[in-house]
1. Mind listing which chymotrypsin sites (Phe, Trp or Tyr not before Pro) in region 91-162 are in a DSSP loop and have 12 or fewer other Cβ atoms within 10 Å?
2. Taking amide hydrogens as modeled 1.01 Å from N in the peptide plane, which residues meet the under 5 Å criterion relative to residue 127, leaving out close sequence neighbours?
3. Per-residue ellipticity at 222 nm for the chain, helices alone: DSSP H runs ≥ 4 residues times -39500 (n - 2.57), over residue total, nearest 500 deg cm²/dmol?
4. I'd like the Karplus ³J(HN,Hα) series for region 78-89: coefficients 6.51, -1.76, 1.60, θ = phi - 60°, whole numbers in Hz, and an x wherever there's a Gly or Pro.
5. Just to be sure I follow the definition: excluding the sites themselves, where is the longest run in the chain that has none of the trypsin sites (Lys or Arg not before Pro) in a DSSP loop with at most 15 other Cβ atoms within 10 Å?
6. Helix 3-36 against the longest principal axis of the chain: what's the angle in degrees, Cα atoms only, rounded to the nearest 10?
7. Indicate, rounded to the nearest 5 percent, the antiparallel portion of the DSSP beta bridges found entirely in the chain.
8. State which entries of 5/30; 6/29; 6/165; 90/162; 91/161 exceed 31 angstrom in Cα-Cα distance in the structure shown.
Amino acid sequence: MTENKKRWLRFGIQMAAIAVLIAVDAFLKKVAEARLMGKGTFVLIKGVLGFTYTQNTGAAFSMFSSSTAMLTVFTGIALLGGVIALALIKKKPLIYDICVPLIIAGGAGNQLDRLTRGYVIDYIHTLFIDFPIFNFADCLITCACFAVMIYLIFDLIRDRKKPPKEDAPHD
């Protein structure tokens, strides 16, 4: 198989994975809406984890809640940029091939909510700390971003340990 065919096959697999993750996110939000709306918190693990239905018109931690239109446009541009990067950048580390689709899927899942409902459904509620309620799409974005940050930190450390390249001799 040629390198170009491999790249497009990888892109197709990434797009299929994104579609599946968006569908999982939409399904979980539908379940949360049907089972949790107006019912308070369902405690799964006492003092640790519960499920509470909320509607978030903003982004993470309800930032930009009064700027939903701006947030929608910005997210759309970022998602398009991510898909274009997946399609066109030929050589990238494996971590990017895995994490960028997760970020795109999470962003698209929340974007779909914003476009169809005007808000994002959040339902995962940590009970052991005072933390905003979030959803599966948020988990995809956060976990993938942390993985990329850890990779970049280790990459920087590895680069610092490399001996400096000697300059070519001058005539």
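1. Sites meeting the loop and neighbour criteria: 128.
2. 48, 49, 50
3. Value at 222 nm, helices only: -22000 deg cm²/dmol.
4. My calculation for region 78-89 gives 5, 5, 4, x, x, 5, 4, 4, 4, 6, 9, 6 Hz in order.
5. It runs 92-164.
6. With both axes taken from Cα atoms, the answer is about 20 degrees.
7. Of the beta bridges lying entirely in the chain, close to 100 percent run antiparallel.
8. 5/30; 6/29; 6/165
Every number in this text was worked out from the coordinates using simple rules, so none of it is lab data. Keep in mind it's a predicted model, so treat the numbers as computed, not measured. As a convention, Cβ positions derive from the backbone with ideal geometry for all residues, glycine included, and neighbour counts pool all protein chains shown.
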